[in-house]
1. In whole Hz, with x marking every Gly and Pro, tabulate ³J(HN,Hα) for the stretch 110-117 from phi via Karplus 6.51 cos²θ - 1.76 cosθ + 1.60, θ = phi - 60°.
2. Once Rg and Dmax of the Cα atoms in Å is worked out from the coordinates, which option in [x] 15.4, 57; [y] 22.7, 80; [z] 21.2, 82 does it equal?
3. May I ask what percent, to the nearest 5, of DSSP beta bridges between residues of the stretch 33-158 are antiparallel?
4. In whole Hz and in residue order, list the ³J(HN,Hα) couplings for the stretch 64-72 that follow from phi through the Karplus curve 6.51 cos²θ - 1.76 cosθ + 1.60, θ = phi - 60°; x for Gly and Pro.
5. Working from Cα positions, state the angle (0 to 90°, nearest 10) between the long axis of helix 2-26 and the longest principal axis of the chain.
6. Within the chain, which is the longest segment that contains none of the GluC sites (Glu not before Pro) sitting in a DSSP loop with at most 12 other Cβ atoms within 10 Å?
7. Step through the residues of the stretch 36-50 one at a time and calculate ³J(HN,Hα) from phi using the Karplus curve (6.51 cos²θ - 1.76 cosθ + 1.60, θ = phi - 60°), rounding each to whole Hz and writing x for Gly and Pro.
8. Quick one: if the Förster radius is 45 Å, what FRET efficiency do Asp124 and Val13 give, using the C-beta to C-beta distance and rounding to 0.05?
Amino acid sequence: MAQLARARTLRRVGLVALGIVVVAGLFNLLGVRTGTISADGDGYRLTVEYAEVTRPGLATKWIAEVRSPEGFDGPVTLATSALYFDRFDFNQLYPEPAAVSPRGDEVLLEFEEIDGDVLRVAFDGRASPTFAFPLAHGSTGLEVDGQELARVDYTTVVMP
């Protein structure tokens, strides 16, 4: 009789756990969620929209936007953690930078001849299916004339 009661309890616990997963999926708690972080410096505003949570194989959002009310007089550089992008299957950056170069643990993306007062850079990639670590820490800085004006830090969680 005790064995029967224990089996019934285990089935109930299993059904409750399955129900929790189904409800979490219904409310998109296990899918992609995005976050936005911003920083200001010397009249510029750097905003990065990134995936707070993603899953392997899904398109993963990363958009860096630089605003300057007075427009851009010269080149702008985004210094981003190279290791962050290594965690994704990289396809393309839009627009393509005029120059790409490494600096320590960062990759420098230089953009020239920016029309208007907004530079918007979008990353086209997917979380790697062989993603071994559940967290991807990123950092993006805005540099003008070799001087860092703003920096934001963010973390993406990759669910199994």
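A short reminder: the numbers here are calculations on the coordinates, not readings from a lab. The shown structure was predicted, so the numbers you read here are calculated from the model rather than taken from an experiment. Counting neighbours? That spans all protein chains shown, and the Cβs are built from the backbone with ideal geometry, glycine included.
1. 9, 10, 10, 6, 8, 7, x, 10
2. Among [x] 15.4, 57; [y] 22.7, 80; [z] 21.2, 82, the one derived from this structure is [z].
3. Rounded to the nearest five, the antiparallel share is 95 percent.
4. For the stretch 64-72, the Karplus curve yields 9, 10, 10, 10, 9, x, 8, x, 10 Hz.
5. Taking Cα atoms only, the helix is inclined about 30 degrees.
6. Working: sites that count: Glu70, Glu112, Glu113.
My reading of the result: 1-69 is the longest stretch.
7. Taking θ as phi minus 60°, the curve returns 9, 9, 9, 8, 10, x, 6, x, 9, 10, 9, 10, 10, 9, 9 Hz for the stretch 36-50.
8. Details: r = 43 Å, r/R0 = 0.95.
Efficiency, from the Cβ-Cβ distance: 0.60.
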